[in-house]
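Any read-out appearing in this document is the output of simple, stated calculations on the displayed coordinates, not a laboratory observation. As the structure is a prediction and not an experimental result, all values here were calculated from the model. Every residue, glycine among them, receives a Cβ derived from its backbone with ideal geometry; neighbour counts consider all protein chains shown.
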Amino acid sequence: ISVFVSGATGYIAQQTISLLLSKGYNVVGSVRSVAKGENLKELYGSKFQYEVVPVLEKQGAFDEALQKHPEVTVFLHTASPVTFTVEDNERDIMIPAINGTKFALESIAKVSPQISRVVYTSSLAAMATFDEVRDPNYDGGEDSYSPISYEQGKLDTVSAYVASKTLAEQAGWDFVKTHKPKFTLSVVHPAYVFGPQAKDEEASGTLNYTSEIVSSVFRLSKDDMVPHEAGHFADVRDVAKAHVLAFEKDEAKNKRILVNTENFSSQLILNIIRKHFPELKERLPVGNPEMLGLSHLAHLKERKSRELLGFEHISLEESVVDSIKQLIRVSH
Ligand code: NDP
């Protein structure tokens, strides 16, 4: 079985590709340049092929790549901007995410009638807004939708990201309802994703946005303030598993699957690092180890998603330890 993964260079995508290859699938990844594709080929070997799709937000963007691969029967759409430093919220975040998803589905329906399963990587952000996930009385979760409009999305980069993931998901369900394609859609909604990069080669320099939350704590010096990041966490290897189960399982057809494990804060991440890496204690700040800063976070409804996934999630502690081990390995 051959699986197409858009945005193959991505953090979540690479862990998903690793898992797919280890399970015996062939993978075709889309990348934005030949150089990025060649790098991945070197890392993942002969069962990985790539196609260059330079621009997501263009009608027919995936036509040529899909035409070359009639063997592909599963499409995972992970490519989407995850950045909060852009010039234009609409142009740089919302349009590639929303139109990119719509056009990818159009290409699949038109060019690849043999594709039977499509998985879109949405986000917790499409289920609840940043304010809702920071409200301890919020009682939504896996069945909720972020109440954000396109116009609100344009206001600031955080809103643009929330709108991009919410409206791209909506575009996906609308497409399926209107066009009744031969594929079924499943949507994965990860919380903040931490955990190691699939390959050590990809673990130096500036990492993807969410991995930087952990590595920025690792890089703190004794007198630095501990950042105030807090939210909901899932390990990247569990998110990869969710993508695979989302197309392997019949029960996952037409489902929205929340992948959320436990709440995190920068202080909690620091406590874990200090506990497991005594050699770093001298260099790192202490912060306020008792004040975890978690009490304002929502407890999300996620029973159906947990049942569907059916595996035990990797804890924040294990995730942080594995990330830090990797950061130490690559810094030598
Ligand atoms: P990365 O930044 O590591 O990966 C993003 C991927 O999308 C890269 O392959 C990137 O390509 C590609 N991409 C970004 N912008 C564009 C664009 N304008 N046109 C074409 N391709 C683009 O992020 P993650 O792995 O963390 O994210 C992957 C997916 O998971 C995204 O859809 C994201 O919204 C979602 N997600 C992530 C969460 C997290 O905590 N990390 C949480 C919930 C959802 P290139 O390498 O060329 O830049």
May I ask for the percentage of alpha-carbon pairs in segment 178-332 that lie more than 24 Å from each other?
39 percent
Once normalised by the length of segment 20-159, the mean sequence separation of its alpha carbon contacts under 8 Å that are 6 or more apart gives a contact order in percent of 21 percent
Need one number: % antiparallel among DSSP beta bridges in segment 165-316, to the nearest 5.
35 percent
Give me Glu169, Glu38 sorted ascending by neighbouring Cβ count inside 10 Å, so fewest comes first.
Glu38, Glu169
If contacts are Cα pairs under 8 angstrom and at least 6 residues apart, what is the relative contact order of segment 44-99 in percent?
36 percent
With -39,500 (n - 2.57) per DSSP H segment of 4 or more residues and division by the full residue count of the chain, the 222 nm estimate, nearest 500 deg cm²/dmol, is -12000 deg cm²/dmol
What is the helix-to-structure angle for 95-111, meaning the angle in degrees between its Cα long axis and the longest Cα principal axis of the chain, kept from 0 to 90 and rounded to the nearest 10?
40 degrees
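Can you list the equivalent-ellipsoid semi-axes of segment 242-332, largest first and in whole Å, using the square root of 5 times each Cα gyration tensor eigenvalue?
33, 18, 8
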At a 10 Å Cβ-Cβ cut-off, how would you order Met225, Met94, fewest neighbours first?
Met225, Met94
For the pair Gln67 and Val158, the simple spin-label estimate (label points 7 Å beyond Cα toward Cβ) gives in nm 4.5 nm
What is the sum of charges around Asp63, taking Lys and Arg as +1, Asp and Glu as -1, for the other residues whose C-beta is under 15 Å from the C-beta of Asp63?
0
Per residue convex hull volume, Cα only, segment 1-85, in Å³ is 94 Å³
D (Stokes-Einstein, µm²/s), Kirkwood Cα radius, segment 166-264, 1.002 mPa s at 20 °C:
135 µm²/s
Return the inverse of the average 1/r over all pairs of distinct C-alpha atoms in the chain, which is the Kirkwood hydrodynamic radius, in Å to one decimal.
20.3 Å
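Take Ile148, Ile95 and order them by how many other Cβ atoms sit within 10 Å, fewest up front.
Ascending Cβ contact count within 10 Å gives the list Ile95, Ile148.
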